[in-house]
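Heads up: the structure comes next, in structure tokens.
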Amino acid sequence: MTDGARVATLPGTPPREAATHCPYCALQCGMVLRETGRRIEVAPRQFPTNRGGLCQKGWTAAELLDHPDRLTTPLLRDRPGAELRPASWDEALDRVAAGVRAAQDRYGRDAVAVFGGGGLTNEKAYALGKFARVALRTRHIDYNGRWCMSSAAAAGLRALGVDRGLPFPLADLGRADTLLLVGANPAETMPPLLRHLTDQRERGGRLIVVDPRSTATARLASRHLQPLPGTDLAVANALLHIALTEGWLDRAYVAERTTGFDEVRRTVAGYWPAEVERLSGVPVADLEATAHELATVDRAIILTARGAEQHAKGVDTVTAFINLALALGLPGRPGSGYGCLTGQGNGQGGREHGQKADQLPGYRRIDDPAARAHVAGVWGVPVDDLPGPGLPAYALLDSLGTATGPRALLVFGSNPVVSAPRAARIESRLRDLDLLVVADFLRSETAALADVVLPVAQWAEEDGTMTNLEGRVLRRRALREPPPGVRTDLAVLAALADRLQGRAPSYREMHNKGPLLTPEEAFPTDPRAVFEELRRASAGGPADYAGVTWDRIDADTGVFWPCPDPDGPDTPRLFADRFPTPDGRARFHAVRHRPAAEPVCAEYPLHFTTGRVLAQYQSGAQTRRVAALRRAAPGGFVELHPDLADRLGVADGDEVRVVSRRGDLRAPARLSPAIRPDTVFAPFHWPGAARANSVTNDAVDPISGMPEFKICAVRVEKP
Ligand code: SF4
């Protein structure tokens, strides 16, 4: 069956049925939407990632299309402190353009910033990056994907030469004899993925989970390592230490396909298992058994996710696991390798095409002269007009409204009031802006602070492409038009570009080097036209989409990048013969454990960590509004070990206060032996008193800019 086979579109009429994908996570489960009268039904469909399954979030996704909270008219705030009021599109867009002009006239081009999201389609992410650099000519654009897997991205780039979440199809998981999951909980975050784990188990494979909590995934494992949060790097180095001591190194692979191993060998020599047990709490016997089960089988896969990444040493932690995979000779063989489980729906594609502060389309570096020249040529602007790199997400948000930071911010598809670390501080920064503009389809907590809210289309109302956790480019298909009063993000960008054209001579005054581009030509509203331009802009880059077409995606189950030639093959598996580095070899990097940015102390004696629950997604702006999901997960909670609760005099259901140096959260206690007695956990989906990010630390990884969501020091009190 082809991916496009189920699309039923009658010429001249709106589609009544669309074969599309879930709007939420990076598994991008295949689903069919059917409109029957006023009802929209969701049905799963066979797709290689979900194989006919959906989780509760996917089943209920269509409920938001006609939700009473749906925004269908622009909103304006006339003055600080006034309520948002309905406005016309012209009034709202004029207000945005005037605010942009005022900020840039007074403070310069970088006084305006753009903040995107990992849920935007490739077309929208691309257009947003172009809009920032060409229409606004600001260097300040970044996105919430920075908080999702930027550490794995940076580690993959420096070690393997490329950042593609999984360098192999997801089905490879079922072929692995041993699968090591580090800081990943797919049983709650992407349940249909378990079908691949079931395959693996039925073939006799072993699943080893590394997680400080005994999660639903850990309970499926044949072995669960439960380290102290923030000690994964030491665990990885100990595993490599054991493999070397036991003679399990793949010497030929290391010699022929890698560089830099000697320094790693010297470094891990100091990671004695007994010392790592004292540091991490993982027994030596478990370390030895894990190393054995990884190193002595034909096929093994190591996967990392947010638990390993969301640390101020996230890049080094992921690097330690890549070192282990390389030393065992895993990458490049079917059923073996290293990969990262991307979280957000288009977390992968979103960072490939220009939404990130340091990147241009095709995963090109914005400070690379050749890359700048190529993209400037596609955009029809002088290369010197392209701004340089901007600030990564947290630094950008933390600079808003300050003496040196942007004075205006345009947010597309993100809710940083709930999702940013040290969120109260970021909320205060947003309030300090001269102009906050939010394009969304619901009044998120960030939209509630905005001066201008622009109502935009939802996933089932738009065509486009997404790139899932495998690097597979797939098609999002519209079921119906957006409701009256709602515009697509592409139409919003085009309308703003039109109003700002006097500010953006780049695409108006390039007639001496080529044809004059109108704003409509520079910012097309047809997503297929945007994708055609994206193909040209990405051509020759690391994430090369030049050979990907919508028709080609429709004719099969997506297309894996890189795919440089429309008539050539795509690339489901990377690294078979070489790595995309200058010498074709992967690069070891010696990395050492270091403590969390904020150690526990007498005043804050407990470790605090955050994560997700099955029935909610990210900041919860969407899923908190779905009745069935709200019933399943109605509010925040604080997970405590019964022994800790006993010491604190806390009973199950009691309200507790979790206090860090940055703020506090209040929520009911949930007692569970699944968590270590020295650690407390809270999910991050809720705003207000239960906001987990009121507590989290804003220390960031020096390479990736990833905040340390996964560990900080707290105390727990009864209020
Ligand atoms: Fe699939 Fe993720 Fe959607 Fe659940 S949320 S249905 S796992 S894509």
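Go through (1) within 16 Å of the ligand (Cβ to nearest atom); (2) crowded, with 23+ Cβ neighbours inside 10 Å and name the single condition residue 52 misses.
Condition (2) is where residue 52 drops out.
Go through (1) modelled with pLDDT of 95 or more; (2) away from the ligand (no atom under 12 Å from the Cβ) one by one and return the number of the condition residue 39 breaks.
Only one criterion is unmet by residue 39, namely (1).
I want to confirm something. Restricting to the stretch 27-36 and keeping residues that are within 11 Å of the ligand (Cβ to nearest atom) and either of a type in the set (Phe, Trp, Tyr) or without any contact (Cβ under 8 Å) to a residue 40 or more places away in the chain (or both), which single residue is surrounded by the most Cβ atoms within 10 Å (Cβ to Cβ)?
30
Restricted to the stretch 153-166, and to residues that are away from the ligand (no atom under 16 Å from the Cβ) and of a type in the set (A, V, I, L, M, F, W, C), which residue is nearest to residue 57 (Cα to Cα)?
153
Just to verify a result, which residue in the stretch 605-617, among those that are of a type outside the set (A, V, I, L, M, F, W, C) and touching a Pro at 6+ places or on another chain (Cβ under 8 Å), is surrounded by the fewest Cβ atoms within 10 Å (Cβ to Cβ)?
612
If the requirement is being farther than 16 Å from residue 710 by Cα and surrounded by fewer than 21 Cβ atoms within 10 Å (Cβ to Cβ), which of these qualifies: 635, 620?
None of the other options fit; the residue is 635.
Quick check on this structure: which one of 312, 320, 305, 295 is buried (at least 17 other Cβ atoms within 10 Å of the Cβ) and in contact with a Cys (Cβ under 8 Å, 6 or more places away or on another chain)?
305
Is the stretch 676-686 home to any residue that is β-branched (Val, Ile, Thr) and in contact with a helix residue (DSSP H, G or I) (Cβ under 6 Å, 6 or more places away or on another chain)?
Within the stretch 676-686 (the criterion being β-branched (Val, Ile, Thr) and in contact with a helix residue (DSSP H, G or I) (Cβ under 6 Å, 6 or more places away or on another chain)), the answer is no, since none of the residues qualifies.
Has the stretch 58-73 got at least one residue that is hydroxyl-bearing (Ser, Thr, Tyr), under 25 Å from residue 356 (Cβ atoms), within 16 Å of the ligand (Cβ to nearest atom) and touching a Ser or Thr at 6+ places or on another chain (Cβ under 9 Å)?
no
Cβ contacts < 7 Å: first residue outside the structural domain of residue 170 (by TED's automatic domain parsing), restricted to the stretch 43-56; second residue among the polar types (S, T, N, Q) and within 8 Å of the ligand (Cβ to nearest atom), any location; separation 6+ or different chain. Result?
44/50; 49/28
When the stretch 185-194 is examined, which residues are found to be within 18 Å of the chain's Cα centre (by Cα) and either away from the ligand (no atom under 13 Å from the Cβ) or not aliphatic (A, V, I, L, M) (or both)?
185, 186, 188, 189, 191
Does residue 528 qualify as being touching a residue at least 40 places away in the same chain (Cβ under 8 Å) and under 30 Å from residue 258 (Cβ atoms)?
For residue 528, the condition - touching a residue at least 40 places away in the same chain (Cβ under 8 Å) and under 30 Å from residue 258 (Cβ atoms) - is not met.
Under the condition of being out of contact with any helix residue (DSSP H, G or I) (no Cβ under 6 Å at 6 or more places or on another chain) and part of a loop (DSSP other than H, G, I, E, B), which residue from the stretch 13-26 is farthest from the ligand (Cβ to nearest atom)?
Restricting to residues being out of contact with any helix residue (DSSP H, G or I) (no Cβ under 6 Å at 6 or more places or on another chain) and part of a loop (DSSP other than H, G, I, E, B), the top hit is 13.
Among helices (runs of 4 or more DSSP H) lying entirely in the stretch 220-268, which contain 3 or more residues that are touching a Ser or Thr at 6+ places or on another chain (Cβ under 8 Å) and not assigned by TED's automatic domain parsing to the domain that holds residue 712?
Correct list: 232-245.
Residues being over 25 Å from residue 213 (Cα atoms) and touching a strand residue (DSSP E or B) at 6+ places or on another chain (Cβ under 8 Å): count how many of those fall in the stretch 155-182.
So the count comes out to 9.
Specify the residue that is surrounded by the fewest Cβ atoms within 10 Å (Cβ to Cβ); the eligible residues are those in the stretch 421-480 that are within 22 Å of the chain's Cα centre (by Cα) and of a type in the set (Asp, Glu).
Within the stretch 421-480, the match that is surrounded by the fewest Cβ atoms within 10 Å (Cβ to Cβ) is 463.
What's the total number of residues in the stretch 430-481 that are part of a strand (DSSP E or B) and either modelled with pLDDT under 95 or among the small types (Gly, Ala, Ser) (or both)?
So the count comes out to 2.
Kindly check whether there is at least one residue in the stretch 238-246 that is over 11 Å from residue 324 (Cβ atoms) and surrounded by fewer than 22 Cβ atoms within 10 Å (Cβ to Cβ).
Yes, the stretch 238-246 contains at least one residue that is over 11 Å from residue 324 (Cβ atoms) and surrounded by fewer than 22 Cβ atoms within 10 Å (Cβ to Cβ).
Sort out for me the helices (runs of 4 or more DSSP H) sitting completely within the stretch 506-580 that have 2 or more residues that are at pLDDT 95 or above and surrounded by 15 or more Cβ atoms within 10 Å (Cβ to Cβ).
Qualifying helices (runs of 4 or more DSSP H): 527-538, 550-554.
On the basis of being within 16 Å of the ligand (Cβ to nearest atom) and surrounded by fewer than 24 Cβ atoms within 10 Å (Cβ to Cβ), does residue 216 make the cut?
Yes; evaluated as a whole, the condition is true for this residue.
Conditions tested, residue by residue: (1) more than 16 Å from the ligand (Cβ to nearest atom); (2) under 22 Å from residue 118 (Cβ atoms).
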| position | (1), (2) |
| --- | --- |
| 151 | yes, yes |
| 168 | yes, yes |
| 178 | yes, no |
| 196 | no, no |
| 206 | yes, no |
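The values are calculated or read from the model by the stated rules, or taken from the named source; none is laboratory data. Remember, it's a predicted structure, so these values are computed and weren't measured experimentally. Neighbour counts are summed over all protein chains in view; Cβ atoms, including those assigned to glycine, are modelled from backbone coordinates with ideal geometry.
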